[in-house]
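The values are calculated or read from the model by the stated rules, or taken from the named source; none is laboratory data. All values derive from a computational prediction rather than experimental measurement. Note that each Cβ is placed from the backbone with ideal geometry, even for glycine, and that neighbours are counted across all protein chains shown. Side chains included, ligands, DNA and RNA excluded: accessible areas come from the protein's heavy atoms. Shrake-Rupley method; radii C 1.70, N 1.55, O 1.52, S 1.80 Å.
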Amino acid sequence: CPPLGLESLRVKDTQLSASSYKRRGLGPHRGRLNIQSGIKDGDIYDGAWCAQYKDKSQWLEVDAQKLTRFIGVILQGRNSIWSWDMVHTYKVQFSNDTLRWKSCMNGSKEAIFEGNQDTETPVLALFDTPTVARYIRINPQTWYQNGTEGDICLRAEVLGCTLPDPSNVYTWQTEPTESKDKLDFRHHNYKEMRKLMKSVHDKCPDITRIYSIGKSYKDLKLYVMEISDNPGKHELGEPEFRYVAGMHGNEVLGRELLLNLMQYMCQEYKRGNQRIVHLVKETRIHLLPSMNPDGYEMASKKGSELAGWALGRYSYEGIDMNHNFADLNSVMWTAIELETDRSKLINHYFPIPEQYTSEEAFVAPETRAVISWMQNIPFVLGANLHGGELVITYPYDMTRDWAPREHTPTPDEAFFRWLAAAYASTNQVMSNPDRRPCHNKDFLRYNNIINGADWHNVPGSMNDFSYLHTNCFEVTMELSCDKFPHASELPIEWENNRESLLVYMEQVHRGIKGVIRDKDTKAGIADAIIKVEDIDHHIRSGAVSF
């Protein structure tokens, strides 16, 4: 049975209640697996449900709203940089009316389940006998005492299968859980991903090409699916677009969405869907579903609920790839501070510092491969797909003075905001005015878009590097509260994101495009600098063949 959805927010705040809680920021609505706290202790965004009292009568209750066959519970301790709280053992009770409760049994005895020995590792407990009920309670029995300072705190997910309601004749009123598109909705490991990409190419050989841009530390190839009416060829006047997913290996939704997208575009092109036909004929599209395949393999071995918040995020060497690109922001800002003659300053195509390109530099092979890919293909628009939040961020990602967060705009701020809004406003979850915040920041207040540095400081990001080293404008798409959603949630996640993925790609055709030629010979001129009045960031013309 799948999770009920405490982590994914499918379970609403109104479905969670508790015997007591210390304060609002530690209320039952915060008792969700992997929920992240804010950095301020005592705010409304703390990292667990914590009971007000320290006795064995405390409980966290989940109302499944329908009869459900409960099969297990996953528990975590409190997420906090200030406190260390967790439940060591607990009991479970069930009810259909909240008046009469039945204990989960282990033979003839009341079952005692093992909880946590640290605050972050999820621990699964499966019931000896599945129980059908509407309500379930988690009842802590022992907890980390920390002298007398320890609190009863936990984060949880509940596993259960909702039973069909024979009295519900209005099935059309139930929330959709499927997609009308016939795609392969499941998690794909490396071999399965490669097999799926090959199957798409076999079905649409005239508009697809699979190629590799390099290898991971563990020698897994970084495969890209190209979709174009002339695969393998850069066509004059046809813009190059890229989606990159899986930079953090445990943020897996982007990987599956790109695999869905390539299947969908192949199917719809063959059906003659004119929107897709136009995209394929007028755009050269590149989809990299897994930039960090080593990290994904680590996370996927644990599975969607047990991988925790960080397992698989980093490369096999322990590198966070979104901090691993050359820091060209500092190069630019240092030059601005030191140079008195502004006419000598450059504002685009910043060269990569020599120390970064040396073999001794702590740069992941995956990062090097992506940089080479960026340099070899004249991309003009892209996005990297992440998970763990619901927001679109745009450059700069790095603050100028290393502040923890500070609005740090590029000269193209207005256009970046347009790009971010194009995705956020068409995403079914982000555009829902009634949705609750994922973790510790309410991005609805910002219309679900934010300058990256205004959220948190990210030196060495892919977005900033792309903007300062190439012609490509790129944003980050945080696509789900849950970094590793259960396979049962993938169809509805595709429905949430399908239109947004297409709309964002279509933005590559906005703006001016053309050919710069020598007025006498009529030959094309590569590397010509194009300036736009009042925007202190130039771009350059590309060459004809790539």
Those residues of region 514-526 that are open to solvent by 90 Å² or more (accessible area, probe 1.4 Å) and either in a loop (DSSP other than H, G, I, E, B) or in contact (Cβ under 8 Å) with a residue 40 or more places away in the chain (or both) come to a total of 4
Residue count for region 257-281, restricted to those that are open to solvent by 40 Å² or more (accessible area, probe 1.4 Å), in contact (Cβ under 8 Å) with a residue 40 or more places away in the chain and not polar (S, T, N, Q): 4
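Considering only residues that are part of a loop (DSSP other than H, G, I, E, B), open to solvent by less than 50 Å² (accessible area, probe 1.4 Å) and not small (Gly, Ala, Ser), look in region 200-228 and name the one that is nearest to TYR190 (Cα to Cα). First the steps, then the outcome.
Of all residues in region 200-228, those part of a loop (DSSP other than H, G, I, E, B) come to 204-207, 216-220, 228.
Those left that are additionally open to solvent by less than 50 Å² (accessible area, probe 1.4 Å): 204, 207, 216, 220, 228.
Now narrow it down to the ones that are not small (Gly, Ala, Ser): 204, 207, 220.
Numbers: CYS204: 21, ILE207: 23, LEU220: 8 Å.
Taking the candidates together, the pick is LEU220.
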Pairs only if they're at least six apart or on different chains, beta carbon under 8 angstrom, first in region 321-344 and assigned to a helix (DSSP H, G or I), second open to solvent by 60 Å² or more (accessible area, probe 1.4 Å) and of a type in the set (D, E, K, R); list them, first residue then second. ASN329/ARG400; TRP333/ARG400
Go through the residues of region 44-58 one by one and say whether even a single one is among the polar types (S, T, N, Q), open to solvent by 30 Å² or more (accessible area, probe 1.4 Å) and either out of contact with any helix residue (DSSP H, G or I) (no Cβ under 8 Å at 6 or more places or on another chain) or modelled with pLDDT under 95 (or both). yes
Subset of region 352-411 [under 18 Å from the mean Cα position of the chain (by Cα) and among the aromatic types (Phe, Trp, Tyr)]: TYR394
Quick check: is even one residue across region 485-497 surrounded by 13 or more Cβ atoms within 10 Å (Cβ to Cβ), among the β-branched types (Val, Ile, Thr) and under 30 Å from GLU7 (Cα atoms)? yes
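Filter region 13-26 down to residues that are in contact (Cβ under 8 Å) with a residue 60 or more places away in the chain and either in contact with a strand residue (DSSP E or B) (Cβ under 7 Å, 6 or more places away or on another chain) or part of a loop (DSSP other than H, G, I, E, B) (or both) and give me whichever is surrounded by the most Cβ atoms within 10 Å (Cβ to Cβ). Lay out the reasoning, then the answer.
We begin by selecting, within region 13-26, every residue in contact (Cβ under 8 Å) with a residue 60 or more places away in the chain; these are 13, 22, 26.
So of that shortlist, the ones also either in contact with a strand residue (DSSP E or B) (Cβ under 7 Å, 6 or more places away or on another chain) or part of a loop (DSSP other than H, G, I, E, B) (or both) come out as 22, 26.
Details: LYS22: 16, LEU26: 27.
Checked region 13-26; the qualifying residue surrounded by the most Cβ atoms within 10 Å (Cβ to Cβ) is LEU26.
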Filter region 431-475 for residues that are touching a helix residue (DSSP H, G or I) at 6+ places or on another chain (Cβ under 6 Å) and in a strand (DSSP E or B) and give the result. ILE449, GLU474, VAL475
If you go through region 34-43 one residue at a time, do you hit one that is closer than 25 Å to PHE127 by Cβ and either without any contact (Cβ under 8 Å) to a residue 60 or more places away in the chain or of a type outside the set (Gly, Ala, Ser) (or both)? yes
Identity of the residue in region 489-525, modelled with pLDDT of 95 or more and of a type in the set (S, T, N, Q), that ends up farthest from LEU279 (Cα to Cα): ASN496
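Only one of these is more than 34 Å from the chain's Cα centre (by Cα), modelled with pLDDT of 95 or more, within 22 Å of SER20 (Cα to Cα) and surrounded by fewer than 20 Cβ atoms within 10 Å (Cβ to Cβ): THR142, THR89. Name it. Even if it seems obvious, please write down each step before you answer.
Working: THR89 fails: more than 34 Å from the chain's Cα centre (by Cα).
Result of the check over THR142, THR89: THR142.
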If you take the residues of region 534-546 that are assigned to a loop (DSSP other than H, G, I, E, B) and either at pLDDT 90 or above or of a type in the set (S, T, N, Q) (or both), which of them is surrounded by the fewest Cβ atoms within 10 Å (Cβ to Cβ)? ASP534
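A quick yes/no check of all residues on (1) touching a helix residue (DSSP H, G or I) at 6+ places or on another chain (Cβ under 7 Å); (2) over 15 Å from ALA51 (Cα atoms); (3) free of Cβ contacts under 8 Å to residues at least 40 places away in the same chain; (4) part of a loop (DSSP other than H, G, I, E, B):
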residue: LEU75; (1), (2), (3), (4): no, yes, no, no
residue: PHE94; (1), (2), (3), (4): no, yes, no, no
residue: ASP97; (1), (2), (3), (4): no, yes, yes, yes
residue: THR121; (1), (2), (3), (4): no, yes, no, yes
residue: LEU124; (1), (2), (3), (4): no, yes, no, no
residue: GLN141; (1), (2), (3), (4): no, no, no, no
residue: GLY147; (1), (2), (3), (4): no, yes, yes, yes
residue: ARG155; (1), (2), (3), (4): no, no, no, no
residue: LEU159; (1), (2), (3), (4): no, yes, no, no
Among the numbered conditions (1) in a helix (DSSP H, G or I); (2) open to solvent by 20 Å² or more (accessible area, probe 1.4 Å); (3) touching a helix residue (DSSP H, G or I) at 6+ places or on another chain (Cβ under 9 Å), tell me where TYR316 comes up short. (1)
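One residue is enough: does region 166-174 have a residue meeting the conditions open to solvent by 100 Å² or more (accessible area, probe 1.4 Å) and at pLDDT 95 or above? First the steps, then the outcome.
Going through region 166-174, the residues open to solvent by 100 Å² or more (accessible area, probe 1.4 Å) turn out to be 166, 169-170, 172-173.
Next cut, at pLDDT 95 or above only: none.
No, region 166-174 contains no residue that is open to solvent by 100 Å² or more (accessible area, probe 1.4 Å) and at pLDDT 95 or above.
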